[in-house]
Amino acid sequence: MNEYTFIFLGTAFTSQAPEQVAILEDHLFCVNANGIIEKIIAPNDAEYQLFLDSYEGTKNFHRLAEGQYILPGFVDLHVHAPQWAQSGTALDRPLHDWLHTYTFPLEAKFSNLDFATDVYEDLVQTLLSNGTTTALYFATVHKEASLLLAEICAKKGQRGLIGKVVMDDPEQNPDYYRDFDTITALKDTEEFILAVKNLGETVKQGVYPVVTPRFIPSCTDEALKGLGELAEKYDTHIQSHCSESDWEHQYVHGRYGKNDAFALHQFGLLGDKSVMAHCNFLSDQDAALFAKTGTAIGHCPLSNAYFANSVIPIKRFKGLGIDIGLGTDISAGATPSIYDNAKQAVISSRMLEDGVNAELPAEERGVPNSRLTMNDAFYFATAGGGESLSLPIGRIEENYAWDVQIIDTKVPTTKLPIFDPNEDLYDIFQKIIYNVRPENIREVWVQGERVHAR
Ligand code: GUN
Ligand code: FE
């Protein structure tokens, strides 16, 4: 019984399926030296009392105070780390204009490692303090600064999946911000993969390299093909933007006579470890290809509202068997919080279902059966994110990583509206998701290590 590094006693909420939130009331959570949940014991299990008697009072035993609850850490499937420095800027501009006027000039500054250190340290800490325990990052085209982001994740204890961005096409990218040429883009990517893999071997929670063509318009065919080959050679994750905005979608169609999904597939860029951001304009065939290849969607509902003027039919895509998680898409979404994106996912889906034309009967005003519930959104924020990355994270379940956020509903300055200790636990869960503030996130743990406390 002494093999556990620590044991928590408390009430946890975790997703079991998109519609289903499990409430583990007053359970014991036993975590081993590798930071894995090895055993969960319910109060009516025969060994419960035995465990309590032998661990209670020891330094490895943590009993949550009244009003505190355990949630899985969140998975953010789409973050542009450098863009944290411009969060909230120029969101009224169209995507192409925003990229060239604001975003590329900002990202170019990450050749300066001091600047990169300041932004990346602050972002990783901010994400952790918002409950995000795993993040899938776009860095910039710079190999050194991208590696620096991996090192900062490693040091701060976040599980980071990091991509050096590839933008090699001189016709499409500004001279001040692109890869020097295709050969250099591929060479830098390969060196980056090897360096991050090396680093990852020394990091308990894992850091991983990600093959990252920014999006099809920024890359030559040679680069896309080379990146597909590198991903296969080193068995890495892959990320990009897919069918995001009207102009981007049209551009790809003009170049290949097919949609992004099939274009990415021809270069070997779809698969079980691929996560594609946005996917607003997937056709049924594209969606079937995603499901068949195991490619996941990084759903960014806030960003989609700004740059795609679009609500993606997430419910339908989930029904087709596609893995789905949530992304902030910093800075096209101006919040570091997956809570904000979970709420927006629900709100946007209801707008898709119920359009505004009051002249029409209700069932003709939108797309029926589009609504997501908060249970769905919570699933995407946690278990769905883990499935999308093919990692054992996002659930409070045996054999999953102890990646959790301890929510304190009673922080004096930001007390959540939970006054009645006898309130239904499922109601408390919903109140937490809708009302929580970073001040309520008392502790954050990744792979059995406490990485944030307030
Ligand atoms: N498409 C290509 N680059 C970007 C980016 O930085 N943000 C968003 N939202 N879309 C993109
Ligand atoms: Fe993006």
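Annotation: amide H of THR295 within the under-5 Å range of GLY271, sequence separation 5 or more or interchain, hydrogens built in the peptide plane.
Full extension of the chain segment joining ILE418 with ILE183 gains 78.8 nm, where the gain is 0.36 nm per residue of separation less the Cα-Cα distance. Net charge dipole, the chain: roughly 340 debye, given to the nearest 20, about the Cα centre with Cβ charges of +1 for Lys and Arg and -1 for Asp and Glu. The order of CYS30, CYS219, going from fewest to most other C-beta atoms within 10 Å of their C-beta, is CYS30, CYS219. The HN-Hα couplings worked out from phi for segment 398-410 by the Karplus form 6.51 cos²θ - 1.76 cosθ + 1.60 (θ = phi - 60°) are 4, 6, 9, 5, 7, 10, 9, 10, 9, 9, 10, 7, 10 Hz, whole numbers, x standing for Gly and Pro.
In plain terms, the residue of THR295, THR373 with the fewest other Cβ atoms within 10 Å comes first and the most crowded comes last, giving THR373, THR295. Between 0 and 90 degrees, the angle of helix 338-353 with respect to the longest Cα principal axis of the chain falls at about 70 degrees.
Looking only at segment 82-106, which residues have a backbone nitrogen under 15 Å from a spot 7 Å from the Cα of ASP118 in the C-beta direction? Label zone hits: 82-87, 106. Amide H contacts for VAL210 (H built 1.01 Å from N in the peptide plane; partners 5 or more residues away or on another chain; cut-off under 5 Å): ILE162, GLY163, LYS164. Kindly express, to the nearest 10 degrees and within the range 0 to 90, the angle between helix 143-156's C-alpha long axis and the longest C-alpha principal axis of the chain. Orientation of helix 143-156: about 0 degrees from the principal axis. Per-residue extension of 0.36 nm, minus the Cα-Cα distance of GLN20 and THR89, leaves a gain of 21.1 nm for this segment. Output the 0 to 90 degree angle, nearest 10, between the alpha-carbon long axis of helix 182-200 and the longest principal axis computed from the alpha carbons of the chain. Around 10 degrees separate the two axes. Once both labels are positioned 7 Å from their Cα atoms along Cα-to-Cβ, the gap between LYS204 and ALA33 label points is 1.2 nm.
Here is the list for segment 2-93: trypsin sites (Lys or Arg not before Pro) lying in DSSP coil, each with at most 13 other C-beta atoms within 10 angstrom of its C-beta, are LYS59. Look at the alpha carbon pairs under 8 Å that are at least 6 residues apart: their mean separation over the length of segment 74-389 gives a relative contact order of 19 percent.
Spin-label model, THR126/LEU320: points 7 Å from Cα along the beta carbon direction are separated by 3.4 nm. When the listed pairs LYS164/LYS233; LYS233/LYS273; LYS318/LYS343; LYS204/LYS410; LYS273/LYS318 are checked against a 23 Å cut-off, the alpha-carbon distance exceeds it for LYS204/LYS410. Amide H contacts of SER15 (H built 1.01 Å from N, in plane; Pro and chain starts excluded): ALA22, ALA383, ILE396 sit under 5 Å, all sequence-distant by 5 or more or on other chains. Beta-bridge orientation, the chain: approximately 45 percent antiparallel, per DSSP, counting only bridges with both partners inside. Backbone N atoms of segment 123-143 closer than 18 Å to the 7 Å Cα→Cβ label point of ARG450 belong to residues 128-133. Dipole size of segment 240-338 about its Cα centre, with +1 on Lys/Arg Cβ and -1 on Asp/Glu Cβ: approximately 200 debye, rounded to the nearest 20. Expected output is a single nm value to one decimal: the length gained when fully extending between ALA46 and LEU425, i.e. 0.36 nm times separation in residues minus the C-alpha distance. What is it? Computed gain between ALA46 and LEU425 is 134.0 nm. Segment 415-454 and segment 186-216 have their alpha-carbon centroids 33 Å apart. Between SER283 and ARG350, the modelled labels are 3.4 nm apart [label points 7 Å from Cα along Cα→Cβ].
Of the residues GLY385, PRO368, LEU50, the one whose Cα sits farthest toward the positive end of the charge dipole of the chain, with +1 on the Cβ of Lys and Arg and -1 on the Cβ of Asp and Glu, is LEU50. Which of the chymotrypsin sites (Phe, Trp or Tyr not before Pro) found in segment 180-252 are loop residues per DSSP with 16 or fewer other Cβ atoms within 10 Å of their Cβ? Answer by residue number: PHE180. Would you mind pulling out the separation of the Cα centroids of segment 363-398 and segment 113-132, in Å? The distance from the Cα centre of segment 363-398 to that of segment 113-132 comes to 26 Å.
Think of each Lys and Arg Cβ as +1 and each Asp and Glu Cβ as -1; about the Cα centre, that makes the dipole of segment 1-98 roughly 300 debye. In order along segment 26-39, the Karplus-derived 3J(HN,Hα) couplings, from 6.51 cos²θ - 1.76 cosθ + 1.60 at θ = phi - 60°, round to 6, 8, 9, 10, 9, 10, 8, 5, 7, x, 9, 6, 8, 8 Hz, and Gly and Pro are given as x. For the chain, the residue among ILE322, HIS80, HIS237 whose Cα projects farthest onto the positive side of the dipole built from Cβ charges is HIS80. Backbone geometry of segment 268-283 corresponds, through the Karplus equation with coefficients 6.51, -1.76 and 1.60 at θ = phi - 60°, to 3J(HN,Hα) couplings of x, 9, 9, x, 4, 9, 9, 10, 10, 7, 6, 6, 5, 10, 6, 6 Hz, x marking Gly and Pro.
Coordinate-derived values only; no laboratory data. Because the structure is predicted, anything quoted here is derived from the model rather than measured. Here Cβ is always computed from backbone atoms with ideal geometry, including for glycine, and neighbour counts include all displayed protein chains.
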